[in-house]
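The values are calculated or read from the model by the stated rules, or taken from the named source; none is laboratory data. For clarity, every value in this text was computed on a predicted model and none was experimentally measured. FYI the Cβ positions are ideal-geometry reconstructions off the backbone, even for glycines, and counts take in every protein chain you see.
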Amino acid sequence: MSKEKYVIGLDYGSDSCRAVIINAASGEEIASAVKYYPRWTEGKYCDPSENQYRQHPLDYIETMEGTIKESLAKSPNGTAEHVVGIAFDTTGSTPVLTDQQGTPLALLPEFSENPNAMFVLWKDHTSIEEAAKINELAKKSAIDYTAYEGGIYSSEWVWAKMAHVLNVDESIRSTAYSWIEHCDWMPALITGKTKPEEVYRSRCAAGHKAMWNDKWGGLPSEEFLTSISPFLAGFRSHLFNDTYTSDTCVGMLTAEWAERLGLNTNVAVGVGAFDCHMGAVGAEITPYSFVRVIGTSTCDIMVVSHEELGDKLIPGICGQVDGSVIPGFTGLEAGQSGFGDIYAWFKRVLTWPLENILNQSNLIDEATRKKLIKETADKIIPFLSEEAAKVPVSDSTILATDWMNGRRTPDASQLVKGTITGLNLGSTAPLIFRALVEATAFGSKAIVDRFLDNGIRIDNVIGIGGISLKSPFVMQTLADVLNMPIKVAKSEQACAFGASMFAAVVAGLYEKVEDAQKAMGQGFEKEYRPNKENHEVYGALYKKYSALGKFTETDLLL
């Protein structure tokens with residue numbers, strides 16, 4: 001294989017798009033770039049008080065163009081002509097309604113400012129009622145369509161989201177013909193295969209979030225879907241029966257997109273997947289590895305052989321899907337709806353006086369005020385972490401649950417709320433922050449225990465994502481609570497790196513993604529080993545966390 005063959009991995013997170021250009025022979029990163037979604041950054045189309053989070057498709061298009069062009073500009077001359085493959089990963093479930101041509105409705109002039117015509121971000125929880133209805137119907141149905149999705153359908157997933165926007169917005173119903181996941185739309189867009197019946201649908205997205213399974217012939221029946229909402233009538237026939245793993249080539253880059261991106265038409269484009277699944281591949285996942293993508297939320301990924309899993313169904317996780325991570329293995333998914341977002345919430349609480357009082361002060365000039373506010377805000381989490389780390393575990397008397405954004409696993413519920421207890425007049429910001437960090441670690445343990453209790457072996461834990469690389473305090477706490485060593489992947493862009501590995505496969509440079517992992521993998525940055533004494537203390541605290549969670553869910557749920 002020529003050393004002058006490059007692949008591009010694009011990773012769409014909750015806030016930004018990042019692109020990496022990788023040498024497909026060695027895995028060397030040639031260049032990378034990150035662009036934040038401009039409309040999202042302005043806070044458009046979102047209402048956090050209503051759990052509404054929408055993103056405009058133009059944000060995705062503009063940041064794709066920007067990151068690829070910037071990455072190419074940073075690369076040696078001639079790199080562009082040797083790019084042979086592109087693959088995408090995105091957050092999910094993040095779907096959008098489309099017209100008959102497969103155009104997201106928000107790209108039509110009449111819907112350009114309508115949030116219901118935009119991509120509904122994974123963290124949008126406006127469809128709680130629709131998710132509850134799906135769960136009620138599934139348990140009464142002859143076929144439990146949620147069986148391979150942990151037995152509980154979530155408002156974070158596609159059918160609940162699409163039913164909700166159709167239920168509440170009459171204006172879009174006559175034009176809405178189908179829907180598409182973000183991870184499917186990007187490869188469809190740049191290969192010119194956007195018509196709903198032509199799109200190569202991701203096995204990962206369909207199996208984990210759309211209740212797709214071969215056992216019942218693909219998607220749920222028309223009867224079941226119209227029971228969720230009458231406005232879903234006809235959607236099933238405008239969607240898909242077949243799904244594809246991410247080692248499949250969708251097609252080649254069109255002439256239009258080759259020109260717009262500064263590439264050529266000999267670039268193979270792969271089937272997309274969700275960020276955490278490709279991130280696990282980028283972190284060199286193998287059977288019995290427990291990979292944690294740690295960011296605003298967490299997503300936990302494992303792969304097991306079909307033979308070992310057999311007919312076992314693991315309750316309360318986010319699905320078990322053939323080929324959703326590595327083709328030939330069953331991918332298991334779990335995660336927390338809030339992790340870094342919880343720390344960010346506490347930061348916003350602490351910076352409220354800065355934004356609302358100091359920002360109006362006349363004692364200093366405007367430029368100095370803005371610099372002071374930014375400097376303080378930027379230093380809050382690192383400083384809290386430093387101070388919280390000084391507190392002995394035995395002095396950790398404040399207790400919290402990690403459900404500020406609901407609970408993903410085990411046993412999805414977007415109705416539950418976060419709690420903090422054990423406060424007194426001596427409680428300080430570092431002590432509260434420590435309790436929040438411990439809560440996210442306890443939530444992680446609940447997930448690990450669910451796998452172990454169901455006979456799924458865990459040999460090692462791998463952390464990827466910004467928090468794993470930037471917060472030793474959080475990672476050490478996590479290792480202590482789990483009583484497991486945690487290796488941190490070296491690549492700062494593990495999700496985009498995983499996408500690039502699949503890009504190398506669809507370009508024909510490797511026969512399977514495991515071969516790409518071996519050739520392109522970058523190894524690990526460091527390893528956190530558990531402190532046994534701390535783990536013993538955390539064992540008692542975890543029991544209190546579990547009791548607090550049960551009390552919160554059963555007695556305080558409003």
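With the requirement that a residue be of a type in the set (S, T, N, Q) and modelled with pLDDT under 95, what does region 497-525 give you? Outline the logic, then answer.
Residues of region 497-525 of a type in the set (S, T, N, Q): 500, 517, 522.
Once the filter is applied, which keeps residues that are of a type in the set (S, T, N, Q) and modelled with pLDDT under 95, region 497-525 yields only Gln522.
Check region 255-264 and report whether any residue there is among the polar types (S, T, N, Q), under 28 Å from Thr63 (Cβ atoms) and assigned by TED's automatic domain parsing to the domain that holds His208.
Yes: one or more hits.
Do you know which residues across region 387-403 are closer than 18 Å to Thr440 by Cβ, assigned to a helix (DSSP H, G or I) and either touching a Lys or Arg at 6+ places or on another chain (Cβ under 8 Å) or of a type outside the set (D, E, K, R) (or both)?
Ala388, Val393 - these are the residues of region 387-403 that are closer than 18 Å to Thr440 by Cβ, assigned to a helix (DSSP H, G or I) and either touching a Lys or Arg at 6+ places or on another chain (Cβ under 8 Å) or of a type outside the set (D, E, K, R) (or both).
For Glu527, all conditions in the list (1) outside any helix (DSSP H, G or I); (2) crowded, with 17+ Cβ neighbours inside 10 Å hold save one; what is the number of the exception?
With respect to (1) outside any helix (DSSP H, G or I); (2) crowded, with 17+ Cβ neighbours inside 10 Å, Glu527 is out only on (2).
Among the candidates Leu372, Leu384, which residue alone is in contact with a Phe, Trp or Tyr (Cβ under 8 Å, 6 or more places away or on another chain), in a helix (DSSP H, G or I) and without any contact (Cβ under 8 Å) to a residue 60 or more places away in the chain?
Leu384
Taking the criterion of being exposed (fewer than 15 other Cβ atoms within 10 Å of the Cβ) and modelled with pLDDT of 95 or more, would at least one residue in region 473-490 satisfy it?
For region 473-490, residues exposed (fewer than 15 other Cβ atoms within 10 Å of the Cβ) and modelled with pLDDT of 95 or more: present.
Could you list, in sequence order, all residues of region 218-240 that are over 18 Å from Thr98 (Cβ atoms), under 27 Å from the mean Cα position of the chain (by Cα) and part of a loop (DSSP other than H, G, I, E, B)?
Across region 218-240, the qualifying residue is only Pro220.
From Ser468, Ser491, grab the single residue that is out of contact with any strand residue (DSSP E or B) (no Cβ under 7 Å at 6 or more places or on another chain) and either within 25 Å of Cys183 (Cα to Cα) or part of a helix (DSSP H, G or I) (or both).
Ser491
Considering region 248-273 alone, what residues qualify as being under 27 Å from the mean Cα position of the chain (by Cα) and hydroxyl-bearing (Ser, Thr, Tyr)?
Correct list: Thr248 only.
Would you pick out the residues in region 111-157 that are of a type in the set (Val, Ile, Thr) and under 23 Å from Asn454 (Cα atoms)? If you could, list the steps in order and put the result at the bottom.
Taking region 111-157 as the starting set, the residues that turn out to be of a type in the set (Val, Ile, Thr) are 120, 126, 128, 134, 143, 146, 152.
Ile143, Thr146, Ile152 - these are the residues of region 111-157 that are of a type in the set (Val, Ile, Thr) and under 23 Å from Asn454 (Cα atoms).
From the set of residues in region 264-314 that are charged (D, E, K, R) and in a strand (DSSP E or B), which is surrounded by the most Cβ atoms within 10 Å (Cβ to Cβ)? Lay out the reasoning, then the answer.
Quick first cut of region 264-314, residues charged (D, E, K, R) only: 275, 284, 292, 300, 307-308, 311-312.
Next cut, in a strand (DSSP E or B) only: 292, 300.
Details: Arg292: 32, Asp300: 26.
So the residue we want is Arg292.
How many of the residues in region 39-68 are free of Cβ contacts under 8 Å to residues at least 60 places away in the same chain, assigned to a helix (DSSP H, G or I) and within 23 Å of Pro109 (Cβ to Cβ)?
6
Restricting attention to region 1-22, and to residues there that are of a type outside the set (Lys, Arg) and surrounded by fewer than 19 Cβ atoms within 10 Å (Cβ to Cβ), which single residue is nearest to Thr63 (Cα to Cα)?
Restricting attention to region 1-22, the residues satisfying the condition of being of a type outside the set (Lys, Arg) are 1-2, 4, 6-17, 19-22.
Then drop every residue that is not surrounded by fewer than 19 Cβ atoms within 10 Å (Cβ to Cβ), which leaves 1-2, 4, 15-16.
Details: Met1: 31, Ser2: 30, Glu4: 26, Asp15: 11, Ser16: 8 Å.
Among residues in region 1-22 that are of a type outside the set (Lys, Arg) and surrounded by fewer than 19 Cβ atoms within 10 Å (Cβ to Cβ), the one nearest to Thr63 (Cα to Cα) is Ser16.
In region 23-75, how many are within 17 Å of Asp124 (Cα to Cα), surrounded by 18 or more Cβ atoms within 10 Å (Cβ to Cβ) and β-branched (Val, Ile, Thr)?
Total meeting the criteria: 0.
Please find, among Asp449, Asp480, Asp453, Asp515, the residue that is on the phi < 0 side of the Ramachandran plot, among the charged types (D, E, K, R) and touching a His at 6+ places or on another chain (Cβ under 8 Å).
Selected residue: Asp480, the only one of Asp449, Asp480, Asp453, Asp515 that is on the phi < 0 side of the Ramachandran plot, among the charged types (D, E, K, R) and touching a His at 6+ places or on another chain (Cβ under 8 Å).
Just a yes or no: is a residue in region 225-236 among the aliphatic types (A, V, I, L, M), closer than 25 Å to Thr409 by Cα and touching a residue at least 24 places away in the same chain (Cβ under 8 Å)?
yes
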